[in-house]
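See below for the structure under consideration.
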Amino acid sequence: MITITRDPIDLCKILVDAKDRSAGGTTLFIGSVRDHNDKGTVSEIYYEAYKEMAEDMLAKIESEVRKRWNIKKFVAIHRIGDLKVGDISVAVAVSAEHRQEAFEACKYGIDEIKTRVPIWKKEVSESGVTWVEGISPKSE
Amino acid sequence: MAKEQLDLVSVRVKLFASSRERIGKDEIILSLANQTTVGDLKKKIMELYPALSSTKIPFMIAVNHKVADDATTISHLDEVALLPPVSGG
């Protein structure tokens, strides 16, 4: 399941969606708003997405994962809007027959989300409000 | 040269995040030659919007939800977006 949402991320629902009777292991990665950046204290982060493209990219990442690893369920959710420190911004859950596939596929999923999916964050910190200019996605 | 190659077409370019704030709009509409390339579109945006070119922050162009290279051609039916460097997660 792939979603960009404005609603708080429900971890129990993600684990239920990732559950599979033939899976022996499930991994869950949770990304949350950190209280600092390299310049000082961060109080909140605003996330914005190009929703239609972001959902297409998440689906593409899922299909790449399924080609590389024999997994059962793949769940990826990214939240957008105003988030406070401690709020969950992103979650990836993967179930597979064995833990190694679940760990590797989950890591690939979150690494690719951070570098390819059109989502941007604006940090509110002591030093002001700044868009984080991260990584330029490559052409496909 | 065939007539359609001389025609100008309107292309809407969606804007996001820092680019949206710098230009102050959710999208811009550019008049471009039909079959313009992504490379030409980038040049035109840099000329018309110093608020973007002055930042030196690189941007990519997505065509129909895919990041496109400079040789990709654009028609008025395509969904085009300007993507600043991404920072999700």
- prompt: Being closer than 22 Å to B:Leu52 by Cα, at pLDDT 95 or above and not in a strand (DSSP E or B), is that true of even one residue in the stretch A:92-105?
  reply: no
query: Name the residues in the stretch A:91-118 that are crowded, with 17+ Cβ neighbours inside 10 Å, within 21 Å of A:Lys13 (Cα to Cα), out of contact with any Leu (no Cβ under 8 Å at 6 or more places or on another chain) and within 14 Å of another protein chain (Cβ to nearest Cβ), would you?
result: A:Gly109, A:Ile110
query: Would you pick out the residues in the stretch A:104-140 that are in contact with a helix residue (DSSP H, G or I) (Cβ under 7 Å, 6 or more places away or on another chain) and among the small types (Gly, Ala, Ser)?
result: A:Ala105, A:Gly109
task: Give just the number: which of (1) surrounded by 17 or more Cβ atoms within 10 Å (Cβ to Cβ); (2) free of Cβ contacts under 8 Å to residues at least 40 places away in the same chain does A:Asp82 not satisfy?
output: (1)
task: Give the residue that is nearest to A:Ala76 (Cα to Cα), with candidates limited to residues of the stretch A:24-51 that are of a type in the set (Gly, Ala, Ser) and away from chain B (no Cβ under 14 Å).
output: A:Gly25
task: Filter the stretch A:1-40 for residues that are at pLDDT below 95 and part of a loop (DSSP other than H, G, I, E, B) and give the result.
output: A:Met1, A:Asp38, A:Lys39
message: Considering only residues that are surrounded by 16 or more Cβ atoms within 10 Å (Cβ to Cβ), under 30 Å from A:Arg34 (Cα atoms) and more than 7 Å from chain A (Cβ to nearest Cβ), which ones fall in the stretch B:37-60?
response: B:Leu52, B:Phe59
query: Given the conditions (1) more than 10 Å from every other protein chain (Cβ to nearest Cβ); (2) under 25 Å from A:Lys138 (Cβ atoms), and given that B:Ser31 satisfies all but one, which numbered condition is not satisfied?
result: (2)
message: Take residues that are aliphatic (A, V, I, L, M), closer than 26 Å to A:Lys60 by Cα and modelled with pLDDT of 95 or more and tell me which of the helices (runs of 4 or more DSSP H) falling wholly in chain B contain 3 or more.
response: none
task: Taking A:Ile14 as the residue in question, decide whether it is under 21 Å from A:Val117 (Cα atoms), in contact (Cβ under 8 Å) with a residue 12 or more places away in the chain and surrounded by 16 or more Cβ atoms within 10 Å (Cβ to Cβ).
output: yes
task: Tell me, please, whether a residue that is touching a residue at least 12 places away in the same chain (Cβ under 8 Å), under 11 Å from the mean Cα position of the chain (by Cα), surrounded by fewer than 18 Cβ atoms within 10 Å (Cβ to Cβ) and closer than 30 Å to A:Ile45 by Cα can be found in the stretch B:65-81.
output: yes
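The values are calculated or read from the model by the stated rules, or taken from the named source; none is laboratory data. In this text, all values refer to a predicted model and were calculated from it rather than measured experimentally. Cβ atoms come from the backbone with ideal geometry, glycine included; neighbour counts cover every protein chain shown.
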